[in-house]
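Everything below concerns the one structure shown next.
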Amino acid sequence: LKDVNREEFTELLSVIYPSCKEITENSAEFLLKLGDRFQIVCAIDRAEKFLIESHEVSRMEKLRIADQYNLAGLQKHCFSYLKTTADFQKVMYSPMYRDLSNEMKANLFEKVIERENNK
């Protein structure tokens with residue numbers, strides 16, 4: 001297949017076929033990329049679940065991935081950790097913040113407003 005890394009595609013097939021190979025920090029994002037490209041929902045769902053449960057992937061990295069692949073569950077998981085002004089500031093001052101979509105930035109802003117209104 002054009003523009004597809006052979007090892008990554010083999011990994012994708014190993015995840016979706018009966019062997020159900022484990023997803024790792026190193027494979028999650030390329031599995032999302034390939035799952036999205038080839039519309040393999042089970043690969044996307046498994047990678048998202050892995051990321052939600054992972055303690056190895058940073059919250060900011062998870063937020064970036066949720067944004068890039070439109071993963072509502074992962075976004076909700078990331079937002080659940082944003083409880084204080086300091087938490088929001090960590091996100092906004094992170095180097096990855098500039099890479100987030102305007103939609104994600106708006107969602108973050110809405111979360112800040114919602115938190116302030118619930119005080």
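The values are calculated or read from the model by the stated rules, or taken from the named source; none is laboratory data. Computed from a predicted structure; not experimentally measured. Here Cβ is always computed from backbone atoms with ideal geometry, including for glycine, and neighbour counts include all displayed protein chains. Only protein heavy atoms, including side chains, enter the accessible area calculation; ligands, DNA and RNA are left aside. Shrake-Rupley method; radii C 1.70, N 1.55, O 1.52, S 1.80 Å.
Observations
- Number of residues in the stretch 70-109 that are over 13 Å from Arg59 (Cα atoms) and open to solvent by less than 60 Å² (accessible area, probe 1.4 Å) equals 10.
- Contact annotation: residue pairs with Cβ atoms under 7 Å, 6 or more positions apart or on different chains, pairing a residue in the stretch 1-19 that is among the aliphatic types (A, V, I, L, M) with a partner that is open to solvent by 50 Å² or more (accessible area, probe 1.4 Å), are Leu1/Phe9; Val15/Lys21; Val15/Arg46; Ile16/Cys42.
- When Ile65 is tested against (1) open to solvent by less than 60 Å² (accessible area, probe 1.4 Å); (2) assigned to a loop (DSSP other than H, G, I, E, B); (3) not acidic (Asp, Glu), only condition (2) is not met.
- Residues of the stretch 56-90 that are modelled with pLDDT under 95 and farther than 19 Å from Lys111 by Cβ: none at all.
- Members of the stretch 10-37 found to be part of a helix (DSSP H, G or I) and more than 21 Å from His55 (Cβ to Cβ), listed by number: Thr10, Glu11, Leu12, Leu13, Ser14, Ile16, Lys33, Leu34, Gly35, Asp36, Arg37
- Qualifying residue in the stretch 38-55 (condition: modelled with pLDDT under 95, buried (at least 16 other Cβ atoms within 10 Å of the Cβ) and assigned to a loop (DSSP other than H, G, I, E, B)): yes
- Contact annotation: residue pairs with Cβ atoms under 6 Å, 6 or more positions apart or on different chains, pairing a residue in the stretch 101-119 that is touching a residue at least 24 places away in the same chain (Cβ under 8 Å) with a partner that is of a type in the set (Asp, Glu) and open to solvent by less than 100 Å² (accessible area, probe 1.4 Å), are Ser101/Asp67; Met104/Asp67.
- Screening Asp3 against (1) touching a Gly at 6+ places or on another chain (Cβ under 6 Å); (2) acidic (Asp, Glu); (3) part of a loop (DSSP other than H, G, I, E, B) leaves a single unmet condition, (1).
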